[in-house]
Amino acid sequence: MKRYCILFILILSSSLSFSQKGTLKGIVKNAFTNETIPFTNIIIFDTTIGTMTDTLGQFEFENLDAGFIRLQVSSIGYKGLITEEYNISQIRSNFVEIRMEPVSEALSEIEIKASPFAQKPEAPVSLRRIGIDQIEKSAGANRDISKVLQSFPGVGSAVTFRNDLIVRGGGPSENRFYLDDIEIPNLNHFTTQGASGGPVGILNVDFIREVDFYSSAFPAGKGNALSSVLEFKQIDVNSNRPNFKGTLGASEISLTTTAPLGKKTGLIASVRRSYLQFLFDAIGLPFLPTFTDFQFKTKTRLDTKNEISFIGVGAIDDFALNPSPKPTEENDYILSYIPVNEQWNYTLGTSWKHYLEKSYLTFVMSRNHLNNRAYKYQDNIEAPENLRTDYTSDEIENKFRMEYTARPNDFTINIGSGLEYAQYSNKTYNKTFINDEPREIDYASDLNIVKWSAFGSLSHPFFNNRLTLSAGLRMDANNYSPEMNNLLNQISPRIAASLMVLPDFYLNVNAGRYYQSPAYTTMGFRSNTGELVNRQNGLKYIGADHFVAGLEYRPDNHTRITLEGFLKNYNNYPFSVNDSISLASKGGDFGVFGDEEVTSDSKGKAYGLELFYQTRTSKGLSITSAYTYVRSEFTDYQGDYVPSSWDSRHIFTFTLNQRLKRNWDIGLKWRYLGGLPFTPYDYNKSSLVLAWDAQGREYLDYSQFNTQRLSAFHQLDFRVDKSYNFKTFTLGFYLDIQNIYNNQAAQPSNLVQVTDDTNNPIITNPGAPIEEQRYELKELTTTSGTLLPTFGLMIEF
């Protein structure tokens, strides 16, 4: 055996000696005309290695080591910039398009210092840019962007394995996601319909170049969001020859390819398949999830004035019950209520850019479709009399958006409009227990909704670029009801300013009003007789007013320190008629969110402050440290403000990544999350036989809504990466260990049935009328958080 190990090492060393260097090719263009920019200076950031574009605006770097690099770009008459990280491969072709913004002659005479941190006039606050190096190597994230976001200020989470995005005290339904300007409603597998959370992200990070994360100050062209907007920008497609990358992880296997489709068109595509069901079955868990997803992008450069891109992303998710799980009370409890769930979804879209003399037009068309099926039988025995839930739903959106963008005399102008046709349908059967009696919800619903919008923004620098002002306006409406069909009822103004108080020291402010339409599940909810209950209740757009002010200090080109205070005031939030709570506190669990009777009566507020430190050195050290104090409160049935389910108060995250010699990388993340409020169970209601049989689990006592609070939770994640560069392929390994010291967090107590020797539930008063009979129940205490090692293998050829 020792002889074979030595032989392997010798072969490995021999192969490494033939490893080749990487090449980076690219082109520099005017961002508003698409014209190439010749004689542009380009330097690999923090080095003395540089080059210049030729007369066609093209450049090339040779003999580059594999890994991440940034470029510093400058040209007379253009605003200098420092790019995000590019991942250089020694196997595949590396190509980038760099777009520079022109400046007037007056500003071109002033030295405008380039910054490696994201800067946009309309968002001087609440904007973070996340590079691919942070996504690829982030400890505990397993290359999942939703988990990477938890390292940034304002981002909370529940102490579970889900990816619910909680931003500045807002609910998981308040976020919007864009992939190369095309909205993708579903970011996760097994998504919660009506919200956005789920356990595993859909997007393949091999496609991602960078992510712009807005926690306020949203672009006017990106509507229907209250808490955050994420803009995913994919890599440039210009492959000279086919390349392949395979990844084998602890839970899935994936294959990604880049290939030319002609002289003007390139393709990147991937498919991924999980084998979680085998792992879950082996360790005796009560459910067996399986997912498959796909993603592709093509880009065609028709000529110097026209570019067209096509993208697609989709998933197929199956969630079955394990017929022979490990016999534990917790598994029995989960099996008693969790349904079988089957989902599939896709988004297909195209974006056409047409460049004019000093401006450009963007036309975006897309279609997305979510199909969601869930059913549940009592005791998991599939017989008609045991049916508890049978739900089938489709959400289809067809969208068109047009934008005009120009930069005359240092004014940046963006105006546009949007049109959308949405179809929603569902068939719902559900046993429930309301007002002390069993009921059946049984209806079918179909909606055809037309939405329209108009928007615009304007920004301009003053006083030699020391002051930048921006203003924007957006209006939205739809034909659902008289309360929603007037654009003037949903006017969303926004203003922003950034002032350089001292060199490298800035005062930034933003204020804006934002609107979001309720979920289709809420708009389409009907009574058993077919009435659109919530339309009759005067359902309205949800509104939120944001006020943000902050200080920013940039001591050098590697470091940024920000302090921001924020206030969000909500109005017209849907309020649950049955539970007497705001829907803002729902949406953080599997299933369907918003399919109930509501009124637009709830108000809310979220406020706090964020302190953020970020640095990336030339020696491969990257550190981010974020502290957030946040309060989140919404009104109850009496109009009093009570903590929402996302009122975590204190959040702190420290993240470190270090590149080492010989292609080693290490990373760690420590995260502290303040205890979240929760609602205790209602034993009296839960023990009723008719009530328990309707849903198979305890009922919450909403008269004590969020009066109790969990203990704070913290965990340490660690990751190590190693790559080997051979002559014809690259081999990479990683080990990611989540919750390395196995900290356990207590969860709210549940109730389970007490059974007799034959495993039948015990009824304490079997002689009473059925409506008075009660099960004997006992408390079940559970914890969340476990030591979770993950090993992955990546090969590129």
Condition first: at pLDDT below 90, assigned to a loop (DSSP other than H, G, I, E, B) and either closer than 26 Å to S582 by Cα or within 10 Å of the chain's Cα centre (by Cα) (or both). Now tell me which residues in region 143-164 satisfy that.
D144, S157, A158, V159, T160, F161, R162, N163, D164
Conditions: (1) more than 30 Å from R671 (Cβ to Cβ); (2) at pLDDT below 95. E776 meets all but one. Number of the miss?
(2)
Search region 357-392 for residues being out of contact with any Leu (no Cβ under 8 Å at 6 or more places or on another chain) and among the small types (G, A, S), and hand back the single one that is surrounded by the fewest Cβ atoms within 10 Å (Cβ to Cβ).
A383
Residue check, Y337 against (1) of a type outside the set (G, A, S); (2) within 30 Å of A694 (Cβ to Cβ); (3) open to solvent by 50 Å² or more (accessible area, probe 1.4 Å); (4) at pLDDT 95 or above, all met but one. Which one?
(4)
Residues of region 426-458 satisfying the condition of being among the aromatic types (F, W, Y) and either over 30 Å from the mean Cα position of the chain (by Cα) or closer than 20 Å to S481 by Cβ (or both):
Y429, F433, Y443, W452
Considering region 635-686 alone, what residues qualify as being assigned to a strand (DSSP E or B), among the hydroxyl-bearing types (S, T, Y) and within 23 Å of the chain's Cα centre (by Cα)?
T653, T655, Y672
Please indicate, with yes or no, whether at least one residue in region 744-758 is assigned to a strand (DSSP E or B), more than 24 Å from L688 (Cβ to Cβ), open to solvent by 60 Å² or more (accessible area, probe 1.4 Å) and touching a residue at least 40 places away in the same chain (Cβ under 8 Å).
no
Matching residues in region 759-789 - criterion: being within 30 Å of G675 (Cβ to Cβ) and charged (D, E, K, R):
K778, E779
For region 547-583, give me each residue that is assigned to a loop (DSSP other than H, G, I, E, B) and charged (D, E, K, R).
D579
Of the residues that make up region 158-168, is at least one buried (at least 24 other Cβ atoms within 10 Å of the Cβ) and among the hydroxyl-bearing types (S, T, Y)?
no
Evaluate region 774-784: report whether one residue or more is open to solvent by 60 Å² or more (accessible area, probe 1.4 Å), among the hydrophobic types (A, V, I, L, M, F, W, C) and not in a loop (DSSP other than H, G, I, E, B).
no
Would you please list the contacts, defined by Cβ atoms under 6 Å and residues six or more apart or on different chains, that run from a residue in region 631-652 that is among the basic types (K, R) to a residue that is open to solvent by 20 Å² or more (accessible area, probe 1.4 Å) and not in a loop (DSSP other than H, G, I, E, B)?
R631/Y607
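Within region 588-606, how many residues turn out to be open to solvent by 10 Å² or more (accessible area, probe 1.4 Å) and either touching an Asp or Glu at 6+ places or on another chain (Cβ under 9 Å) or outside any strand (DSSP E or B) (or both)?
Qualifying residue count, region 588-606: 10.
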Those residues of region 270-286 that are out of contact with any Pro (no Cβ under 8 Å at 6 or more places or on another chain) and either open to solvent by 30 Å² or more (accessible area, probe 1.4 Å) or part of a loop (DSSP other than H, G, I, E, B) (or both) come to a total of 9
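The values are calculated or read from the model by the stated rules, or taken from the named source; none is laboratory data. Just so you know, these numbers come straight off a predicted model, no measurement behind them. Note: ideal-geometry Cβ built from the backbone for every residue, glycine included; neighbour counts use all protein chains shown. Only protein heavy atoms, including side chains, enter the accessible area calculation; ligands, DNA and RNA are left aside. Shrake-Rupley method; radii C 1.70, N 1.55, O 1.52, S 1.80 Å.
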